[in-house]
Amino acid sequence: MKELTIGRNDAGQRLDRFLAKAVPLLPASLAQKYIRLKRIKCNNARAQRDTRLQEGDVLQLYINDEFFDKPSEANAYLTVTAPKLNIVYEDENILLVDKKPGVAVHPHDGAEYGRTLIDHIQAYLYAKGEWRPREEQAFTPALCNRIDRNTGGIVIAAKTAEALRILNQKIRDRELDKRYLAVVEGTPRPETGVLKGYLFKDAVKNRVFVTDTPQKGAKTCETRYRTLTKRGGLSLVECELITGRTHQIRAQFAHAGHPLLGDGKYGKLDPHADRRYQALYSYRLTFCFTTDAGVLAPLNGRSFQAADVEFVKTYFPDFRLPGIAE
């Protein structure tokens, strides 16, 4: 419990508005709940959200200590009162979440604190009591892979330090199989094949370029693909990254003359609809461990798939993605 004494400059304010300034990490909805439950009192008596504070009043706040910290990226999860997650799979070690296009995974993707995928994941685990930052201190639930803000798909979060260590190593050793769905303009020739080239990044323009011949600073890029269906001048393709470069799928298909639908950076905006995001989705994840996986060993051989890929239903309504046999 903490006590706050109202000074002259704070007198006359409503209780809820004072709390928003004095305890910025405490969400307004949670503050109202605590007032109702008498976990926030004024002069040891019940208060209302619109109570006008007077100089000398003493507030009693029976709330967790972490709400009194200075707001930062590390504690942004506290501002999330109702985590919004589309959970594909969860156990005591990991969490698989289907991220929708438009959601940033981290604050450095241009999102405000409290509005990123990792904020909602941490808020979810905090609310469940599976993560107590004041007690653990050394570990914070973290993402093992990231997906661009405007791309959707399955993101892996580690709930324990051991799971994070193992997954990071498995990703480096390419013991996870990730498959993407994309809608491209036209039909690739051949309909099943491999795109190969050299990719280099222009940091100033925040985009990458693909060439057919080696260039200074360029890295090899390789994407295996197969065309699943065609309709109306568009093709639905499944992609497997052999290399994992920035914007690899988008840039390689554009270079091949088949830009992704709705990709304003490497192609053009969707001519069929008001699409804000490129039609690209990391829709399937398979764990294929070839070395010891410790506590994650039970996941070996298992596949997980996003239940809903919006652009498949929109542009190929008669096509059904094959399910996963457990």
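Assorted remarks:
- FRET E, pair residue 70, residue 1, Förster distance 30 Å, beta-carbon r, rounded to 0.05: 0.90
- Near the amide H of residue 197, within less than 5 Å, lie the amide hydrogens of 221, all on another chain or at least 5 residues away, with H placed in the peptide plane.
- Convex hull of Cα atoms in the stretch 20-155, direction-averaged projection (nm²): 9.6
- Selection from 72, 295, 48, by position along the positive dipole direction of the chain (Cβ): 48
- Cα centre as origin, Lys/Arg/Asp/Glu Cβ charges: the stretch 123-209 dipole, Debye: 200
- Between residue 292 and residue 174, the distance separating the two model label sites (each 7 Å from Cα on the Cα→Cβ line) works out to 2.4 nm.
- The charge dipole of the chain, taken about its Cα centre with unit charges on the Cβ atoms of Lys, Arg (+1), Asp and Glu (-1) only, comes to about 680 debye.
- Cα pair count fraction exceeding 23 Å, expressed as % - the stretch 124-280: 47
- Considering only 257, 246, 229, and ranking their Cα positions along the charge dipole of the stretch 225-268 that arises from unit charges at the beta-carbon of Lys, Arg, Asp and Glu, the one farthest toward the positive end is 257.
- Kirkwood hydrodynamic radius of the stretch 223-301, from the reciprocal of the average inverse Cα-Cα distance over all distinct pairs: 14.7 Å.
- Intensity falloff of the stretch 48-91 expressed as log10 I(q)/I(0), Debye formula with alpha-carbon point scatterers, at q = 0.15, 0.18, 0.24, 0.26 Å⁻¹: -0.68, -0.85, -1.02, -1.03
- Per residue, the solvent-accessible area of the chain (1.4 Å probe, heavy atoms of protein chains only, all protein chains present) comes to 51 Å².
- Remark: the residue 189-residue 215 segment gains 6.8 nm on full extension, using 0.36 nm per residue and subtracting the alpha carbon distance.
- Cα centroid separation, the stretch 56-87 to the stretch 111-187 (Å): 22
- Between the labelled values [x] 28.7; [y] 21.2; [z] 16.4, the entry that holds mean projected area of the Cα convex hull in nm² as derived from this structure is [y].
- Relative contact order of the stretch 104-210, defined on C-alpha pairs under 8 angstrom at six or more residues apart (%): 15
- Remark: the stretch 282-296, residue by residue, has Karplus-estimated 3J(HN,Hα) of 7, 9, 9, 10, 10, 8, 10, 6, 10, 10, 4, 10, x, 5, 8 Hz, where x stands for each Gly or Pro and the curve is 6.51 cos²θ - 1.76 cosθ + 1.60 at θ = phi - 60°.
- Label-to-label distance, nm, for residues given as residue 140 and residue 106 (7 Å Cα→Cβ offset): 1.1
- Accessible surface of the chain, 1.4 Å probe: 46 percent of it comes from carbon and sulfur atoms.
- In the elastic network of the chain, a GNM with C-alpha springs shorter than 10 Å, the most mobile of 153, 264, 217 is 217.
- The slack between residue 33 and residue 310, meaning 0.36 nm per residue of separation minus the straight C-alpha distance, is 96.1 nm.
- With the cut-off at under 17 Å, measuring from each backbone N in the stretch 84-101 to a point 7 Å along the Cα-to-Cβ line of residue 276 picks out 99-101.
- Per residue, the average separation of C-alpha pairs within less than 8 Å and at least 6 apart gives the chain a relative contact order of 13 percent.
- Length released on extending from residue 14 to residue 302, taking residue separation times 0.36 nm less the Cα-Cα span: 98.2 nm
- Annotation: lysines with alpha-carbon distance below 30 angstrom to residue 230 (same-chain offsets under eight excluded): 99, 100, 178, 196, 265, 268, 313.
The values are calculated or read from the model by the stated rules, or taken from the named source; none is laboratory data. Note that the structure is a prediction, hence the values are computed from the model and not measured. Note: ideal-geometry Cβ built from the backbone for every residue, glycine included; neighbour counts use all protein chains shown. Accessible surface areas use protein heavy atoms only, side chains included; no ligands, DNA or RNA. Shrake-Rupley method; radii C 1.70, N 1.55, O 1.52, S 1.80 Å.
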